[in-house]
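The values are calculated or read from the model by the stated rules, or taken from the named source; none is laboratory data. Worth saying up front: this structure is predicted, and the values here are computed from it rather than measured. Note: ideal-geometry Cβ built from the backbone for every residue, glycine included; neighbour counts use all protein chains shown. What goes into the accessible areas is simple: the full protein's heavy atoms, side chains included, and nothing from ligands, DNA or RNA. Shrake-Rupley method; radii C 1.70, N 1.55, O 1.52, S 1.80 Å.
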Amino acid sequence: MEAKFYMEYRESKKAVEEMFDAYYSYKNSKRIGIFKSPDIREKVLEKTDERWKEIRKISRRERTIKAEFFEEHFVCTTGDVIQEYQYTEIEAIYETDTTLVFVAGKKRKKESFVGLKKGSVKGRSLADLKKFLLERCTNVKKGIELL
């Protein structure tokens with residue numbers, strides 16, 4: 001089965017920082033652990049440093065992040081870690097200047113938040129991907145929201 005959309009980029013400390021920035025912006029928008037703006041930035045930098053150290057322990061080599069979007073699901077692969085999501089699991093999609101954010105429902109205990117770099121769509125436009133996602137993610141009621 002061929003993917004309808006494909007994203008790929010190199011894992012970097014900057015990409016990790018953008019993901020945490022999106023994550024804490026999302027939490028703040030939903031009042032999940034209320035932060036003040038300076039506190040969010042401080043927390044983002046702290047978590048980025050922690051995660052980047054963990055990543056470096058796991059693999060000294062640069063890893064590639066890939067996302068493949070099929071008809072009924074999408075798959076995110078980072079190194080040898082594979083996460084699969086059904087579109088029906090996604091309850092919200094957000095975006096920042098640099099990141100598309102997918103929030104899965106509460107039934108999914110682990111990996112309920114995925115941040116992917118917007119500029120990494122290959123072969124098709126980001127606008128086309130967003131349209132595709134809104135058609136498939138039927139539990140997303142408010143469209144793609146800006147953080």
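Listed values, structure above:
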{"read-out": "Answer label, with volume of the Cα convex hull per residue in Å³ calculated from the coordinates and candidates (1) 177; (2) 115; (3) 125", "value": "(2)"}
{"read-out": "Dipole magnitude of the chain about its Cα centre (Cβ charges: Lys, Arg +1; Asp, Glu -1), debye to nearest 20", "value": "340"}
{"read-out": "Solvent-accessible area, 1.4 Å probe, carbon plus sulfur percent, for the chain", "value": "48"}
{"read-out": "Accessible area per residue, Å², the chain with all protein chains present, probe 1.4 Å", "value": "61"}
{"read-out": "Listed residues E11, E84, E95, most fluctuating in the chain (Gaussian network, C-alpha, under 10 Å)", "value": "E84"}
{"read-out": "For S12, net neighbour charge (Lys/Arg +1, Asp/Glu -1) across residues whose Cβ lies under 11 Å away", "value": "+1"}
{"read-out": "From phi via Karplus (6.51, -1.76, 1.60), per-residue ³J(HN,Hα) for the stretch 50-56 in Hz, x at Gly/Pro", "value": "4, 5, 5, 5, 4, 4, 5"}
{"read-out": "Ranked order, M1, M19 - accessible area, probe 1.4 Å, largest first", "value": "M1, M19"}
{"read-out": "Interchain or long-range residues, amide H under 5 Å from F113's placed H", "value": "A104"}
{"read-out": "The chain - percent relative contact order, Cα under 8 Å, separation 6 or more", "value": "28"}
{"read-out": "Among V101, A15, S29 the positive-end extreme of the charge dipole of the chain (Cβ point charges)", "value": "S29"}
